[in-house]
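Structure record follows, encoded as structure tokens.
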Amino acid sequence: MSEQSRRGRKPAKPYRRPQKDPVRILAFEALRAVDERDAYANLVLPPLLRKAREKSDFDARDAALATELVYGTLRRQGTYDAVIAACVDRPLREVDPPVLDVLSLGAHQLLGTRIPTHAAVSATVELARVVLGDGRAKFVNAVLRKVAQDDLDGWIGKVAPPYDEDPEDHLAVVHSHPRWVVSALWDSLGGGRAGIEELLAADNERPRVTLVARPGRATTEELLREEAAEAGHWSPYAVRLAEGGEPGAVEAVREGRAGVQDEGSQLVALALANAPLEGPDTKWLDGCAGPGGKAALLAALAAERGAVLLASEKQPHRAGLVAKALAGNPGPYQVVAADGTRPPWRSGSFDRVLVDVPCTGLGALRRRPEARWRRRPEDLDNFAPLQRALLRTALDSVRVGGVVGYATCSPHLAETRAVVADVLKQHPDAELLDARPLLPGVPALGEGPDIQLWPHLHGTDAMYLALIRRTAG
């Protein structure tokens, strides 16, 4: 009899090597990149998936699960943080970020997927053993067992304040948005509970990949031959791929004749291209062209009319992306690396000018869910001077009778109407045009004369557009 048995102790369990789950390890690596490097999931995930496919028998189902784990965890991070906070014995800020990422992955499997409870807990604890070690895996196990005691609705009832007591905080927890973002979006919508709930819910839905058939190079008929592809709702050049569709598998995309472009972005380019002008229509400018989606569509539309597009982008590497997007355009164009606030061209050089200005990106939270947690209210003040400077330069760059399109991928009033109103106060030689008739068939465009698109109303990013005509020199 061993010494341990004589003392009445049970023999120690033999050490079991943790089982590596490539799907969950990949999801964890993606979340760490988002947290540590301020990376975007839509840029980090594809190369991780390609690498996994090359090194193992990682198949399409594995890729779909990994994608759901990453995006689902990021979209519902605020809700899961509230639930996890109720299950730990310390402030959430004192939990190591890698541990919190594992807990969030486990919470999403338990509360946001159909994965059975036992499988979700055991798989996440096994992941913790691999990436965190046995000690912290025990902590993960204890917390997830508490999380598993209720479903998502039950937890929301416990951790979200009642709507009647604090509507903004209630919506922030229920729909997983920072409170300040809820408040800003609510102001932009103009009030009412139903609209803001629909918008916040739409932000948490995974959008279909939308392609653009670049005129003169591809057709929607060609793109619609892809399996389960559908025509876009509003743009004549838009085609939506089947859920989970891979744009890189589409021949026209690989060849640059088509591209990935949200339908809202297409509509902004179309509205500017169709705006009525007084005088010639031969010189167009995209003053903030990177990474090149709108520029490629504008260049193709310009070529159909015998016009030329100048695409300008301040950052040289982004100017390179613009050049790649425009390569093969059926008509002449030019790409330059230039500061849009100190342009190298002369005043009044262009007939049409687009400035899709840098912004908080609050209109694209469906595609970049992590942006909602990364942005801060003070970012608005940081962008404001640049947005106004770019619009002033655009108005100086267009000729009398020409049209400027001011666009943002944000519905925040501080980045949309406030910018336009401030700049127009300094420019009595300019007037707003009613942009709504330029998007025939598109409903709910607002009270005008500007346009605000919405995910819950139009199925697009929340793009904003104001069209301004220069009336005097």
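The values are calculated or read from the model by the stated rules, or taken from the named source; none is laboratory data. If you're wondering where the values come from, they're calculated on a predicted model, not measured in any experiment. Every residue, glycine among them, receives a Cβ derived from its backbone with ideal geometry; neighbour counts consider all protein chains shown. Quick note on the areas: whole protein, heavy atoms, side chains included, nothing else; ligands and nucleic acids left out. Shrake-Rupley method; radii C 1.70, N 1.55, O 1.52, S 1.80 Å.
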Could you please tell me which pairs satisfy a Cβ distance under 6 Å, a separation of 6+ or placement on different chains, a first residue in segment 153-165 that is free of Cβ contacts under 8 Å to residues at least 60 places away in the same chain, and a second residue that is of a type outside the set (S, T, N, Q)? Pro161/Asp169; Pro161/His170; Tyr163/His170
Please enumerate the residues belonging to segment 18-52 that are surrounded by fewer than 19 Cβ atoms within 10 Å (Cβ to Cβ), more than 21 Å from Val209 (Cα to Cα) and among the hydrophobic types (A, V, I, L, M, F, W, C). Ile25, Ala33
Residue in segment 117-139 that is surrounded by fewer than 15 Cβ atoms within 10 Å (Cβ to Cβ), over 28 Å from the mean Cα position of the chain (by Cα) and not in a helix (DSSP H, G or I) present: yes
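Which one of Glu221, Glu227, Glu205, Glu165 is closer than 20 Å to Val70 by Cα, open to solvent by 50 Å² or more (accessible area, probe 1.4 Å) and out of contact with any helix residue (DSSP H, G or I) (no Cβ under 7 Å at 6 or more places or on another chain)?
Details: Glu221 fails: closer than 20 Å to Val70 by Cα; Glu227 fails: closer than 20 Å to Val70 by Cα; Glu165 fails: closer than 20 Å to Val70 by Cα.
Sole residue among the options that is closer than 20 Å to Val70 by Cα, open to solvent by 50 Å² or more (accessible area, probe 1.4 Å) and out of contact with any helix residue (DSSP H, G or I) (no Cβ under 7 Å at 6 or more places or on another chain): Glu205.
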In segment 103-111, is there at least one residue being without any contact (Cβ under 8 Å) to a residue 60 or more places away in the chain and either assigned to a loop (DSSP other than H, G, I, E, B) or among the β-branched types (Val, Ile, Thr) (or both)? no
Cβ-Cβ below 6 Å, separation at least six or inter-chain, first residue in segment 329-346 and part of a loop (DSSP other than H, G, I, E, B), second open to solvent by 80 Å² or more (accessible area, probe 1.4 Å): which pairs? Ala338/Pro344; Asp339/Lys314
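The rows are residues; the columns are (1) within 29 Å of His175 (Cβ to Cβ); (2) buried (at least 24 other Cβ atoms within 10 Å of the Cβ).
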{"residue": "Asp379", "(1), (2)": "yes, no"}
{"residue": "Leu386", "(1), (2)": "no, no"}
{"residue": "Ser410", "(1), (2)": "yes, yes"}
{"residue": "Asp422", "(1), (2)": "no, no"}
{"residue": "Pro443", "(1), (2)": "yes, no"}
{"residue": "Glu447", "(1), (2)": "yes, no"}
Pairs, first basic (Lys, Arg) in segment 388-415, second assigned to a helix (DSSP H, G or I), C-beta under 8 Å, six or more apart: Arg388/Val419; Arg388/Asp422; Arg388/Val423; Arg392/Val423
For residues in segment 54-94 being in a helix (DSSP H, G or I) and aromatic (Phe, Trp, Tyr), which is nearest to Ala27 (Cα to Cα)? Tyr71
Suppose we filter Leu438, Leu445 for residues that are farther than 23 Å from Pro358 by Cβ and under 23 Å from the mean Cα position of the chain (by Cα); which single one remains? Leu445
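I need the full set of residues from segment 171-210 which are in a helix (DSSP H, G or I) and of a type in the set (Lys, Arg), in order please. Show your work before the answer.
Start the filter on segment 171-210 by keeping residues that are in a helix (DSSP H, G or I), which leaves 171-175, 179-189, 193-203.
Across segment 171-210, the qualifying residues are Arg179, Arg193.
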Matching residues, segment 59-75, being open to solvent by 10 Å² or more (accessible area, probe 1.4 Å) and β-branched (Val, Ile, Thr): Thr67
Please find, among Gly216, Gly232, Gly190, Gly154, the residue that is small (Gly, Ala, Ser) and over 30 Å from Asn274 (Cα atoms). Gly154
Does Glu165 qualify as being charged (D, E, K, R), assigned to a helix (DSSP H, G or I) and over 13 Å from Ile84 (Cβ atoms)? no
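Scan Gly306, Gly279 and give me the residue that is surrounded by fewer than 22 Cβ atoms within 10 Å (Cβ to Cβ) and at pLDDT below 95. Talk me through it step by step, then tell me what you get.
Working: Gly306 fails: at pLDDT below 95.
The unique qualifying residue is Gly279.
Does Trp155 satisfy being part of a helix (DSSP H, G or I) and either surrounded by fewer than 16 Cβ atoms within 10 Å (Cβ to Cβ) or over 23 Å from the mean Cα position of the chain (by Cα) (or both)? Step through it out loud before you land on a result.
Numbers: part of a helix (DSSP H, G or I): yes; either surrounded by fewer than 16 Cβ atoms within 10 Å (Cβ to Cβ) or over 23 Å from the mean Cα position of the chain (by Cα) (or both): yes.
Considered against the rule, which asks whether it is part of a helix (DSSP H, G or I) and either surrounded by fewer than 16 Cβ atoms within 10 Å (Cβ to Cβ) or over 23 Å from the mean Cα position of the chain (by Cα) (or both), Trp155 comes out as yes.
How many residues, within segment 37-53, are part of a loop (DSSP other than H, G, I, E, B) and free of Cβ contacts under 8 Å to residues at least 24 places away in the same chain?
Keep residues of segment 37-53 that are part of a loop (DSSP other than H, G, I, E, B), which gives 38-40.
Still in the list and also free of Cβ contacts under 8 Å to residues at least 24 places away in the same chain: 39.
Summing the residues that are part of a loop (DSSP other than H, G, I, E, B) and free of Cβ contacts under 8 Å to residues at least 24 places away in the same chain in segment 37-53 gives 1.
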Unmet requirement for Ser56, which otherwise passes all of (1) open to solvent by 40 Å² or more (accessible area, probe 1.4 Å); (2) among the small types (Gly, Ala, Ser); (3) in contact (Cβ under 8 Å) with a residue 60 or more places away in the chain: (3)
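Considering only segment 322-343, state which residues are more than 14 Å from Ala299 (Cβ to Cβ), open to solvent by 50 Å² or more (accessible area, probe 1.4 Å) and either among the aromatic types (Phe, Trp, Tyr) or out of contact with any strand residue (DSSP E or B) (no Cβ under 7 Å at 6 or more places or on another chain) (or both).
In the first step, residues of segment 322-343 are kept if they are more than 14 Å from Ala299 (Cβ to Cβ); the result is 337-343.
Okay, now just the ones that are also open to solvent by 50 Å² or more (accessible area, probe 1.4 Å), so 337, 342.
Once the filter is applied, which keeps residues that are more than 14 Å from Ala299 (Cβ to Cβ), open to solvent by 50 Å² or more (accessible area, probe 1.4 Å) and either among the aromatic types (Phe, Trp, Tyr) or out of contact with any strand residue (DSSP E or B) (no Cβ under 7 Å at 6 or more places or on another chain) (or both), segment 322-343 yields only Arg342.
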